Amino acid sequence: MPVFAANLSMLYTEADFMDRFRLAREAGFCGVEYLFPYDWPEENLKRALEENGLTQVLFNLPPGNWSAGERGIACLPDRVQEFRAGVDQAIRYARALNCRQINCLAGIRPDTLEESLAWQTLVDNVNYAAGRLEDEGITLCLEAINSRVDIPGFFLDTSARVMQVIEAVDAGNVKLQYDIYHMQIMEGDLIRTVECLLPWIGHVQFADNPGRHEPGTGEINFWNVFAALDRLGYGGWVSAEYRPSGATVDSLGWFRLGA
């Protein structure tokens, strides 16, 4: 089975955030990710990782005003300086947490913004971030998020769109963050798609569909998908980024079966 990580922004929300590291380790996870680290001092997060023997797998670049509905600013031409400052901030945290992957959220293109300008801004920002992160030995991931259910208007909503950015930037440390849940909604044909895109996939996340709950609550045959990742030789992390349908501990049957 793949090497699994727990997304602490979605799992163990019954507990305070800093307690979730311990709970993930007790369940058997050896890696964690979460949306953003910036609300906590680096030293606190580092201590939680070290005390529980966990690897910081990934986090996102600063997304803009998340509480106001922003979901990334990389495609917004009037936010370039803020984006670059966010890269600096993310690098500081990545150094402290020994995190080797950072995800970039493209953002939502306003109706008033021409697509060509949003696209060029995104490519330029990814190119800048990739250069900065390459100096640190860090991979920059780009995630496609479904625009049908979760984030209408998200600028990168298919794996093909992400691949267009990767090809335009042409940097060895820019990879596709492949989210099984989002791509089931937008594309389907999961195993064949992963097989085609495997050389560019840097990170995998998952939830079942519909509902974005744990495996076994929806339509995806995760046992076949996980087996395909092994068969294809995927060597990266596979992160549980789902909303438990009940208590987190009760949602981990898939994990115990695969352990």
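The values are calculated or read from the model by the stated rules, or taken from the named source; none is laboratory data. For clarity, every value in this text was computed on a predicted model and none was experimentally measured. So basically every Cβ, Gly included, is an ideal-geometry build from the backbone, and we count neighbours across all protein chains shown. Each accessible area value is taken on the protein alone, full model and side chains, heavy atoms only, with ligands, DNA and RNA left out. Shrake-Rupley method; radii C 1.70, N 1.55, O 1.52, S 1.80 Å.
Report yes if some residue within region 77-93 is modelled with pLDDT of 95 or more, in a helix (DSSP H, G or I), over 27 Å from Met163 (Cβ atoms) and basic (Lys, Arg); otherwise report no. So far as region 77-93 goes, yes, one or more of its residues are modelled with pLDDT of 95 or more, in a helix (DSSP H, G or I), over 27 Å from Met163 (Cβ atoms) and basic (Lys, Arg). Taking the residues in region 105-140 that are under 11 Å from Asn173 (Cβ atoms) and among the small types (Gly, Ala, Ser) as candidates, determine which candidate is most open to solvent (accessible area, probe 1.4 Å). Of everything passing the filter in region 105-140, Gly137 is most open to solvent (accessible area, probe 1.4 Å).
If you check Glu50, Glu14, Glu43, Glu26 for being part of a loop (DSSP other than H, G, I, E, B), farther than 18 Å from Ile102 by Cα and open to solvent by 50 Å² or more (accessible area, probe 1.4 Å), only one passes: Glu14.
Do we find a residue being of a type in the set (S, T, N, Q), surrounded by fewer than 19 Cβ atoms within 10 Å (Cβ to Cβ) and over 14 Å from Pro37 (Cβ atoms) anywhere in region 68-86? Yes - at least one qualifying residue is present in region 68-86. When each of Glu241, Glu219 is tested for being in contact with a Pro (Cβ under 8 Å, 6 or more places away or on another chain) and either under 22 Å from Ser9 (Cβ atoms) or open to solvent by 10 Å² or more (accessible area, probe 1.4 Å) (or both), the lone residue that passes is Glu219.
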